[in-house]
Each structure stands twice: as structure tokens, then as C-alpha cells.
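Below is one structure, written out as C-alpha cells; comments come after it.
Taken together, the values in this text are just the output of simple stated rules run on the coordinates, not laboratory data. Here the structure is a predicted model, which means the values were calculated and not measured. When we count neighbours, we look across all protein chains shown, and the Cβ atoms used for this are built from the backbone with ideal geometry, even at glycine.
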Amino acid sequence: MPEWDALAEHRKQLGEVRLRELFAADAGRAGRYGIQVGDLYLDYSRNLVTDDTLRLLRELAEAAGVPALRDAMFRGERINTTEDRAVLHTALRSPSDAVIEVDGVNVVPGVHSVLSRMQVFTDNVRSGVWKGHTGRRIRTVVNIGIGGSDLGPAMAYEALRPWTSRELDFRFVSNVDGADLHEALRGLDPAETLFIVASKTFTTVETVTNAVSARKWLLDGLGAGQEAVARHFVAVSTNAEKVAGFGIDTHNMFEFWDWVGGRYSLDSAIGLSLMVALGNDGFREMLAGFHAVDEHFRDAPLERNAPFLLGLLGIWYGEFFDARSHAVLPYSHYLSKFPAYLQQLDMESNGKSVTRDGRPVSRRTGPVVWGTPGTNGQHAYFQLLHQGTQVIPADLIGFARPVGELSADLTAQHDLLMANLFAQGQALAFGKTAEEVRAEGVAEELVAHRTFPGNRPTTTILAAELSPSVLGQLVALYEHKVFVQGAVWDINSFDQWGVELGKVLARRIEPALAEGADVPGLDASTAALVTRYRELRGR
Ligand code: F6P
């Protein structure tokens, strides 16, 4: 598309664009390059862009048909072409009077009916009306799931801890490594433990394996038979048959639909553990937050559209600054799992190398997404962000007010936390020149070592506090950012065929490990490792 060429030409003209110079030349840049979206303020002034860059990027998005694809998604068209599915996570948070049709059927009543069932269940567990097999109330909820059936609720539970019931304990088990379930169940009383088995397909081997082990732990612990399962296991799935096959009464199943992708499922019934933690009101507030950003994404003009902006900035750096990764750095301990959540959202969506019609993609697609809470990162990998040889665009996320019942002393620490966020953005953008270092009297042989090149792009996202609604807004912002990028690259962001091969091979290799079975076609490298493994296991 000529729009790519125009951007390449523009990049050449910009040459060694310097943030110091961009700010010096435009006193209003900080204010102009900011957008308020719901409760989120996005400052994108510290990006290596000019008005021309942003215009050319928007033209690229228009030419690539991103707005049209967005509208098709909202309308419920089957834009996930390789799986022939609609992509309607936006329907999960739409108001009950909305009409969104898939194959002529309005899906919104179904969404709200499941939400109502979740609400009843939530109220019963929280109030103690829901009793375990022995008549005791539930004290611990264990969510068993993996990928989107774990990362969403686990991340959001962590993010919103101050808003959750402190009378109940929540644990999340995902890894097929038995250590995960072992540690999660430590100290729990089976009579007071409720398992939520969350799996869209209900065929995922990690989840089913852990669920079987959990059921055994429960029945052994209670000394009870299969009849105890109904009071201690509920399921969240699209697959009623498999749920019944596992032994969970389908009355205790909360459904969702094939048009909800795993990594987009937090606000479907997959969020059941979160709803129990937050209560119905908190969960609905989160959904309203999602919905507010959906509306913004659908309706705001491209030049004021935050997901478009974030998506296009990422494309700009990947294509024209050779940026291979993107850091997400929350200055909130509660958001410690947010980068891991975004890894699935972004990398499973846009880690693709063929276009929608199966041709090799000609552009660099999704970056490696990574990060941890910012202050901890400062004492670990920020060295590379400041003085390494590669450009790593970063998002800095912070909040004006701490939440929760912090003591006055701990509340006072919040200014220090946020001072770090602001300082890092400043240092990354503007650095410290050799002249400035010399002016401090630093010995000449150390000047190069103590110089900061700056010009490292960041976007700052600021909100008043990390509430359920704000979390919903944040997640929706990134969901739609990922959409924009996938649409520009003309890839299908909604399938994940790349995870299949490893799953199939693991199933073939497993019998070789346990029984020494001959696996036909095993390559020499894997065969040698299997032999060594068996020796180490004394087999
Ligand atoms: O790893 C692939 C994947 O299909 C993810 O997309 C999904 O979130 C995860 O596995 C879990 O799948 P399920 O919910 O079907 O157990």
C-alpha cells in the first residue's frame, strides 16, 4: 500500500528525531498529545512522532480497512475466518437492551441470562447459602483453568483485591506441574472448598488433569462418593457434553459461546471466580468500564481514538525503529499480573506470519510483550531500557490514589511510587547529555558511561484509582489496540493455531516417558532427551 511508502519516506525525513527538540519546538505538545478516555488519561507526548506521523498512520489504518473491520466485529460478522466464528467479546458487556445478532439471533439476552445465573450463584456462595457436601459453608474458591481461562480472572482478582471479599480465599491453578495444585490445596479443608473448572473447550489437558486430581483430593478428603461433587464443583464452558462426562451436573455449568475467544473471555462466565470475589455489583462495574471503552473505540474519530493511537504507535516502532518488544510497566502492585495477561492477549492474537488469506505477511507483526511492576523493574532491567542498544517502547501505568485499607504511613508512600513513574518517563525521554554529565564534574573517562541517550518512547496512562471500572477500561483499551494492529497487518488476530503442534506432540511423547513406548517418527534430538529423562527417572 502506498501508505506504507509514505510512512517510510516520512521516517527518512524525520531522521534522528529527538524528543528534546520536539518539546522545545512546541510548547503545547504535552497537552495536545493527551486523550481522556473515560477515566483513563493517556499522555502520548513522549513518543517519537509529529502531527504528520500521526496523520500518515491514520491514513494507513483507513487504507487497511481497520474501521470497516472494527464495525464488522461489532456487528457480529464472522471475522475469525479460519475458525468461521464471530468475534463478539464486546457483546459480553453490552447493556441488556442492545441487539447484536449472530446468524439472525440476538445474543444479548443469553449473555444477561448467564450473568443473572452467575449473580445468584455468587450471592449464594458469599452469603453461605451454598453449602458443601457436609453442610459447611465455602471458605475457599479454587479456579482451575489455563490460558484465557486462568489469566483473566487471576489477573483481575489480583488487581482488584481491595474490592474483594476478605472472608473468602481465592486460588488459581493452571499448571499441569502437580506442584501448582499441591501448593494451592495446602492447608485447605475439602469440606469448605469449591472448585470452578473453567475451560471453553473442556478438553484442555492441563485443566482436565488438574480437575481430576482435585476431585480425587476432595472425595478422599471427605471420605465421600461421587455425590459430593455437585456441591464442590461447578464448570464454566461451551461444552456441556464434556462437562457432564466429567461428572459435573450441567445445572452447575455456566455457559458461554464460541464467539468469545479464550483470551477475550474475562467478562464472560470465565470471570465467575472474580464475580464471587467482587460481588455482582463490582463485576458489573467492571463490565461497564469495558463497555465505555468499546463505545469510544467504535465511535470516536480516529484522531481522538485511544486504541487506534496505541495500536498505530506500536506499528510505527516495530516497522520503522526495529522495536521487537513492548514493555508494560504498571506502577501498582495490584497490577503485577497485568503484563502476563497482556502477553496472551497480544502475543496469541498477533503472533502470526500469514495474512488472512494465507500469504506470508510482509510486515513485522506482534512484538514480545513483557513487564513487571515498574519500581521493581527499575532495579532489574531498566538499565537496558535506559542505556541498551535497542528501542523498547513502554507503557507506564499509574494511579493518583492508592486503594484499600492502607495505613496512613503506607498511603504516604504513594507519592514516592508515583514520583518514580514520572521520573522514569522523564529520564527515558530526555536522558542526560554528555555536556550535562561533564557539568556535574564527572571524570572524563566516565562521561560516556554516565550519559543517557534518552529518546526512549513511553506512553503514560493515568487514572484516579484502580477500581473495577478502571480495570475494565484498561483491558478493553488493550484488547482494541491489539485488534487495530492485527487489522493493519491483515492477520487473523482471533485464532491460535500456533499452539496446536506442541499439544499434539506432547500427547505422542507422553507414553514414551512413562512406559518407554516406541514413538514412531520421533526425531533423534528428542529421542535422546527422552532416553536421558528415563535414565534420570530410573526407568
Ligand atoms: O493455549 C491455547 C488456548 O486455546 C487458549 O487460547 C485458551 O485460552 C486456553 O488454551 C485454554 O483453553 P480452554 O478454555 O478451552 O481450556
**Message:** Please list, in order along segment 445-461, the HN-Hα scalar couplings obtained from phi with the Karplus expression 6.51 cos²θ - 1.76 cosθ + 1.60 (θ = phi - 60°), rounded to whole Hz, x for Gly and Pro.
**Reply:** 5, 9, 4, 4, 5, 9, 8, 10, x, x, 6, 9, x, 9, 10, 9, 10
**Message:** Once each part is reduced to its C-alpha centroid, what is the distance from segment 197-246 to segment 455-473 in angstrom?
**Reply:** 37
**Item:** Normalised contact order of segment 272-410, rounded percent, pairs of Cα under 8 Å and 6 or more residues apart
**Value:** 28
**Asked** Per-residue HN-Hα couplings for segment 154-164, Karplus 6.51 cos²θ - 1.76 cosθ + 1.60 at θ = phi - 60°, whole Hz, x for Gly and Pro?
**Response** 5, 5, 5, 4, 5, 5, 10, 3, x, 9, 9
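With an 8 Å cut-off on Cα pairs and a minimum separation of 6 or more residues, tell me the relative contact order of segment 43-116 in percent. Provide the component values of the computation, followed by the final result.
On the way: 54 pairs, mean separation 12.7, N = 74.
It rounds to 17 percent for segment 43-116.
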**Asked** For segment 1-96, what are the per-bin percents of Cα-Cα distances with bins 10 Å wide, up to the bin holding the maximum?
**Response** 13, 28, 30, 21, 8, 0
**Fill in**
A correct Karplus calculation of ³J(HN,Hα) over segment 381-388, with 6.51 cos²θ - 1.76 cosθ + 1.60, θ = phi - 60°, whole Hz and x for Gly and Pro, returns 9, 4, 3, 5, 4, 7, 10, x
**Cα centroid of segment 118-157 to Cα centroid of segment 323-341, whole Å** = 27
**Prompt:** Which far-off residues, 5 or more places away or on another chain, put their amide H under 5 Å from the one on G34, with H placed in the peptide plane?
**Reply:** Y44
**Message:** Please list, ordered by chain and number, the residues whose modelled amide H lies under 5 Å from the amide H of D169; skip anything fewer than 5 residues away on the same chain.
**Reply:** T140, V141
**Item:** At most 16 other Cβ within 10 Å, DSSP loop - trypsin sites (Lys or Arg not before Pro), segment 58-133
**Value:** R78
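Mind checking the dipole of the chain: about its Cα centre, +1 per Lys or Arg Cβ, -1 per Asp or Glu Cβ, Debye to the nearest 20? It would help to have the intermediate numbers written out before the result.
Details: 53 positive and 67 negative charges, 172 e Å.
Charge dipole of the chain: 820 debye, to the nearest 20.
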**Complete:** Rounded to the nearest 10 degrees, the helix 51-63 long axis (Cα) sits at an angle to the longest Cα principal axis of the chain of 40
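Among E167, E192, which comes first, then next, by fewest other beta-carbon atoms within 10 Å?
The fewest-first ordering by Cβ neighbours comes to E167, E192.
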**Message:** Can you report the principal axis dimensions of segment 266-389 using only the alpha carbons, biggest first, rounded to whole angstrom?
**Reply:** 46, 43, 29
**Residue order, fewest to most beta carbons within 10 Å, for M347, M1** = M1, M347
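Please state the charge dipole magnitude for segment 399-494, taken about the Cα centre, from unit charges on C-beta atoms (+1 on K and R, -1 on D and E), reported in debye and rounded to the nearest 20.
Charge dipole of segment 399-494: 200 debye, to the nearest 20.
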**Asked** Within segment 451-537, which trypsin sites (Lys or Arg not before Pro) sit in a loop by DSSP and count at most 13 neighbouring Cβ atoms inside 10 Å?
**Response** R537
**Prompt:** In deg cm²/dmol and to the nearest 500, what is the mean residue ellipticity at 222 nm of the chain if only DSSP H runs of at least 4 residues count, each as -39500 (n - 2.57), divided by the residue total?
**Reply:** -14500 deg cm²/dmol
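Listing K432, K12, K352, K200 from the residue with the fewest other Cβ atoms within 10 Å to the one with the most, what is the order? Spell out each step's value before the answer.
Working: K432 15, K12 9, K352 22, K200 25.
Final ranking by Cβ density, sparse to dense: K12, K432, K352, K200.
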**Item:** C-alpha long axis of helix 205-222 to longest principal axis of the chain, angle in °
**Value:** 50
**Complete:** P(r) of segment 39-171 over all Cα-Cα pairs, 5 Å bins starting at 0, rounded to whole percent, reads 2, 7, 10, 12, 14, 14, 13, 11, 8, 4, 2, 1, 1, 0
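Thinking of segment 394-491 as a set of Cα atoms, what percent of all their pairs are more than 22 Å apart? Walk me through the numbers on the way to the answer.
Working: 2582 of 4753 pairs.
When every Cα pair of segment 394-491 is considered, 54 percent fall beyond 22 Å.
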**Prompt:** Rg and Dmax of segment 380-433 over Cα atoms: what are they, in angstrom?
**Reply:** 14.2, 43
**Per residue convex hull volume, Cα atoms of segment 57-113, in Å³** = 94
**Request:** Give the share of C-alpha pairs in each 20 angstrom bin for the chain, from 0 to the last occupied bin, in whole percents, shortest bins first.
**Result:** 20, 50, 27, 3
**Prompt:** Amide H to amide H, which residues 5 or more places from M253 or on other chains are under 5 Å from it, using H placed in the peptide plane?
**Reply:** A235
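Got the relative contact order for the chain handy, in percent, Cα pairs under 8 Å and 6 or more residues apart? Walk me through the numbers before you get to the answer.
Details: 893 pairs, mean separation 100.0, N = 539.
Reported relative contact order: 19 percent.
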